[in-house]
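Since the structure comes first, as structure tokens, the remarks are kept for the end.
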Amino acid sequence: MRVAFSLILLAIVGVGVVLSLSSIPFGSPPMDAGKYYIDSGRTDTGATNIVTSVVVGYRAFDTLGEVTVLFVAAIGLGAILTTGKKNESKKKEELEPASLVLSTGCRFLFPLILLFGAYVFIHGHLTPGGGFQGGAVIASAFLMVYLGCRKKRIRKSWARGTESISGLVFVVTGLTGLAVAGHYFLSNFLPEGTLNSLFSAGIIPIIYIAIGLKVGSELTGVIDNLIEESE
Amino acid sequence: MIALMLSAAISALFFKDLLSAVIASCLVSLLASIIFIVLQAPDVAMAEASIGAALITAVFVIAIRRTGRYEE
């Protein structure tokens, strides 16, 4: 009875979803807002990557909110995982050291992945990718080192410092835009430069570098907390 | 591609070995990122590949190491 009822309900929901989705033509968005961004994103913000011009140009304040959500999540995780820990007796089992090939490979790949992550967020306004993606790539480089070379740990004070300083850079850039250009929070106060060069698009590269460092250090802190908890 | 993704997702639901289930869900993320590239959304593809396939898998594996590997 119950199974039949749930199957009927599932069928109804499935038919509804299929019917409503099939009435939307694939690949041609019904809204006009997207067309505006595609047409005038370059001239408005100077960034060739439209996604970046939306994320850090048109809705930069929302991005600040997103970064804050991630920050609060990382802080909360750290708070939960470190409360009961101080009381526990520290029983450190000696971990089996990783093999030479694995640890050497990790040590060799680590700077390359870091470089790629930095490339992704520094060139966020020119090529696909940006602060969040670059930060995640950097965090995955640290994850690889944590898994491959067991003993290596980051210094927590450095991660926290990077996080705080890059968050400050974001907010200070926004406030400077408010003070100098005077229209709204995070308004562009630097020259837009020539299209398609590294130093273009005004404050977008600065903000994206700050976001990249912030996201990278936050996710690295999360991984650090989890791995230390699991040992 | 979508059929592969669906079969990986369904097998992730039914695996009793949680480690295999996590690897299957990692496969779902990887295939999703390939689909995003095919649909010309490289930004989302990068985010999906690095967060969905690498970091989430690592978090799940750490959680499994802390708890138990097999579902009861």
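All of the numbers you see were taken from the coordinates with simple rules; none came from a lab. In this text, all values refer to a predicted model and were calculated from it rather than measured experimentally. All Cβ positions, even for glycine, are placed from backbone atoms using ideal geometry, and neighbour counts span all protein chains on display.
Quick rundown of the values:
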{"item": "GNM flexibility winner over chain A from A:I50, A:I12, A:I165 (Cα, springs under 10 Å)", "result": "A:I12"}
{"item": "Axial C-alpha extent at least 20 Å, average Kyte-Doolittle at least 0.0 - helices from chain A (DSSP)", "result": "A:2-22, A:60-83, A:100-122, A:131-148, A:156-180, A:204-230"}
{"item": "Listed residues A:D32, A:D62, A:D44, most fluctuating in chain A (Gaussian network, C-alpha, under 10 Å)", "result": "A:D32"}
{"item": "Chain B: DSSP helices with Cα axial extent of at least 20 Å and average Kyte-Doolittle hydropathy no lower than -0.5", "result": "B:18-38"}
{"item": "Selection of trypsin sites (Lys or Arg not before Pro), the range A:37-86, meeting DSSP coil and at most 16 other Cβ within 10 Å", "result": "A:R59, A:K85, A:K86"}
{"item": "For residues of A:132-138, the mean tally of beta carbons on other chains within 10 Å", "result": "5"}
{"item": "Cut-off under 5 Å, modelled amide H: who pairs with A:N196 long-range", "result": "A:T48"}
{"item": "Calculated Rg and Dmax of chain A using C-alpha coordinates, Å", "result": "22.8, 68"}
{"item": "Options A:T176, A:V51, A:A33, ranked by Cα towards positive dipole end of the protein assembly as shown, top entry (Cβ charges)", "result": "A:T176"}
{"item": "Chain A: most fluctuating residue of A:E66, A:E163, A:E192 per GNM, C-alpha cutoff 10 Å", "result": "A:E66"}
{"item": "Footprinting exposure proxy for A:I204, B:I10, B:I2, A:I223 (fewest neighbouring C-beta atoms within 10 Å first)", "result": "B:I2, B:I10, A:I223, A:I204"}
